[in-house]
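Enquirer: Take a look at this one; I'll ask things after.
The values are calculated or read from the model by the stated rules, or taken from the named source; none is laboratory data. Owing to the predicted nature of the structure, the values given are computational and were not obtained by experimental measurement. FYI the Cβ positions are ideal-geometry reconstructions off the backbone, even for glycines, and counts take in every protein chain you see. For accessibility, only protein heavy atoms count, side chains too; no ligands or nucleic acids. Shrake-Rupley method; radii C 1.70, N 1.55, O 1.52, S 1.80 Å.
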Amino acid sequence: MSIRKYMLKFFLLPAVLIFAGCTASVEVHAGRDKSTAVQYTASFGSAFINTMRSFSDDPAAPLFDADTIAAQLRGSGIQNAEVKTPSGTALAVSASIPSGSKDTISSAGLVTYDNNSNKMTLTLSSSDLTALYASLPETIQSYIDLFMAPVFSGESMTANDYIELVASVYGRPLADEVAAAQVTISLYPPAGTGAKKSIAVPLTDILSAQNPLVYSVQW
């Protein structure tokens, strides 16, 4: 395997999670036993695809290697992660997290349960995402660093300033895609106990968040 193909394989995990393209969704399902099921899906824009292909020796080769991405997630402690590539420009990731698990998502405090009420909370903050970053393999960390997202670095930066930074490094087309990207976050209570809660959040609000973004569902 050439070094460029090796780089592409390990570049993709942080890239697809950070640069979610034009359409992305995150579903977090609460279990009655406080287990959690997470589903992430994304469809990527042409600028993102072209940027990723620039790292490959073979532009015609499939962009996503589902087995490699799944192995990286499992290596970070998410043992039952599954990855599918429904098309050449889309990706679907799912995982079930048992109650009390020591995986990277639980350890970082991204998903928590209130012991005094039936409530699940998803928190996206610089401190939580930095904790997630710290628990990832060094190879993945190094490529997250390439994208300079202030929510991971702890640097104070507005969304507009971050877009300009992306434009200066990767070009205006990719920066425009990132600026337009929306992430739909849906939280589901245990089956049969209530209605889901959904909100569409600009990707740049997450990547440049200076205050915690907190979303909850109660049943």
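Enquirer: Touching a helix residue (DSSP H, G or I) at 6+ places or on another chain (Cβ under 9 Å), at pLDDT 90 or above and in a helix (DSSP H, G or I) - does that describe any residue in the stretch 144-153?
Expert: So far as the stretch 144-153 goes, no, none of its residues is touching a helix residue (DSSP H, G or I) at 6+ places or on another chain (Cβ under 9 Å), at pLDDT 90 or above and in a helix (DSSP H, G or I).
Enquirer: Checking the conditions here, which among Ser156, Ser216, Ser198 is assigned to a strand (DSSP E or B), among the small types (Gly, Ala, Ser) and touching a residue at least 40 places away in the same chain (Cβ under 8 Å)?
Expert: Among Ser156, Ser216, Ser198, only Ser216 is assigned to a strand (DSSP E or B), among the small types (Gly, Ala, Ser) and touching a residue at least 40 places away in the same chain (Cβ under 8 Å).
Table: residues versus (1) at pLDDT 80 or above; (2) open to solvent by 20 Å² or more (accessible area, probe 1.4 Å).
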{"residue": "Asp114", "(1), (2)": "yes, yes"}
{"residue": "Thr139", "(1), (2)": "no, yes"}
{"residue": "Met157", "(1), (2)": "yes, yes"}
{"residue": "Leu174", "(1), (2)": "yes, no"}
{"residue": "Val183", "(1), (2)": "yes, no"}
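Enquirer: Then there's this: For the stretch 28-77, give me each residue that is under 21 Å from Ala131 (Cα atoms) and either in a loop (DSSP other than H, G, I, E, B) or in contact (Cβ under 8 Å) with a residue 60 or more places away in the chain (or both).
Expert: Once the filter is applied, which keeps residues that are under 21 Å from Ala131 (Cα atoms) and either in a loop (DSSP other than H, G, I, E, B) or in contact (Cβ under 8 Å) with a residue 60 or more places away in the chain (or both), the stretch 28-77 yields Val28, Ser35, Thr36, Ala37, Val38, Gln72, Leu73, Gly75, Ser76, Gly77.
Enquirer: Look through the stretch 44-84, keep the residues that are more than 29 Å from Gly100 (Cβ to Cβ) and among the small types (Gly, Ala, Ser), and return whichever of them is modelled with the lowest pLDDT.
Expert: By that ranking, first place goes to Ser56.
Enquirer: Just give me the residues in the stretch 78-94 being part of a strand (DSSP E or B), out of contact with any helix residue (DSSP H, G or I) (no Cβ under 6 Å at 6 or more places or on another chain) and open to solvent by less than 70 Å² (accessible area, probe 1.4 Å), in sequence order.
Expert: Matches in the stretch 78-94: Ser87, Ala90, Ala92, Val93, Ser94.
Enquirer: Yes or no: Thr41 open to solvent by less than 30 Å² (accessible area, probe 1.4 Å), of a type in the set (S, T, N, Q), modelled with pLDDT of 80 or more and under 28 Å from Ala209 (Cα atoms)?
Expert: When the stated conditions are applied, Thr41 does not pass them.
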